[in-house]
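These notes concern the structure reproduced below.
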Amino acid sequence: MRNSAIVLSSAAIAPSAGNPIHTESGWWGTLGVATYRADLHFDEAEIALLRTAANAIGAALERAHQEHALRESEARFRRIAEQAFDLIWECDAGGRFLYASPSHEAVFGVATDSLVGQYALERVHPDDREETRRAFAAGHPDGTARMIFRMRHEDGSWRWIEAIGRFQAGRSSGPQAVIIGRDVTERRRLDEERARPEQAM
């Protein structure tokens, strides 16, 4: 039975009590106590204390299991992000960079560590900020936002970025966005060149 203490006592064995340790992941084991005094018996208060201890151990084990799974998931995300050609970044609810993938250096000529803590909109072209801000805000508290905007390169030029953001709620630091972007500057340049002869006709 789940979380039911078992008390054993007879002339052949010493009095003992055990309570199973259950978590969301399943059964982990049993917390047990025993005494060598045949005249000692466990009362209801002691059984309740054993049950409380078993539940606390189960909760701690489950928390450790979830934290380990989260660390593995985050490490996997980092490995993927570090190899990706696309831009990947995380922002907090206020729009500050929490993480920027190494591809930012290739696209914008900026050390990724220097971006952490900066407001992402400060790097967006002034003409695109309001529309980008509205798209970002529309994604809260949970949802997806699609954006296209210009971001500043360290040499002062502007790069066109096409991005999609997925927003997450429920973290202690508040909602966060994971945004994946792609440099489409060259594609837009080619599109504009193809459009010029048509406009001239």
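Output yes when any residue across segment 73-80 is out of contact with any strand residue (DSSP E or B) (no Cβ under 6 Å at 6 or more places or on another chain), part of a helix (DSSP H, G or I), of a type in the set (S, T, N, Q) and modelled with pLDDT under 75, and no when none is. Steps first, please.
Quick first cut of segment 73-80, residues out of contact with any strand residue (DSSP E or B) (no Cβ under 6 Å at 6 or more places or on another chain) only: 73-80.
When the remaining residues are screened for being part of a helix (DSSP H, G or I), the result is 73-80.
Cutting the leftovers down to of a type in the set (S, T, N, Q) gives us 73.
Of the ones still in play, those that are also modelled with pLDDT under 75 are 73.
For segment 73-80, residues out of contact with any strand residue (DSSP E or B) (no Cβ under 6 Å at 6 or more places or on another chain), part of a helix (DSSP H, G or I), of a type in the set (S, T, N, Q) and modelled with pLDDT under 75: present.
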Next item on the list: Go over the candidates R150, R123 one by one and state the one that is among the charged types (D, E, K, R), touching an Asp or Glu at 6+ places or on another chain (Cβ under 8 Å) and open to solvent by less than 90 Å² (accessible area, probe 1.4 Å).
Entry: R150
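For segment 99-115, which residues satisfy the criterion of being surrounded by fewer than 16 Cβ atoms within 10 Å (Cβ to Cβ) and either among the acidic types (D, E) or within 18 Å of I180 (Cβ to Cβ) (or both)?
Going through segment 99-115, the residues surrounded by fewer than 16 Cβ atoms within 10 Å (Cβ to Cβ) turn out to be 102, 106, 109, 111, 113-114.
P102, A106, D113 - these are the residues of segment 99-115 that are surrounded by fewer than 16 Cβ atoms within 10 Å (Cβ to Cβ) and either among the acidic types (D, E) or within 18 Å of I180 (Cβ to Cβ) (or both).
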Next item on the list: Within segment 102-132, track down each residue that is in contact (Cβ under 8 Å) with a residue 24 or more places away in the chain and of a type outside the set (F, W, Y).
Entry: V107, G109, V110, L115, A120, L121, R123, V124, H125
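The values are calculated or read from the model by the stated rules, or taken from the named source; none is laboratory data. None of the values given here were measured: they were computed from a predicted structure. Quick reminder, even Gly has a Cβ in these numbers, built from the backbone with ideal geometry, and neighbours come from all protein chains shown. Note: accessible area is taken over every heavy atom of the protein model, side chains too, but ligands, DNA and RNA are not part of it. Shrake-Rupley method; radii C 1.70, N 1.55, O 1.52, S 1.80 Å.
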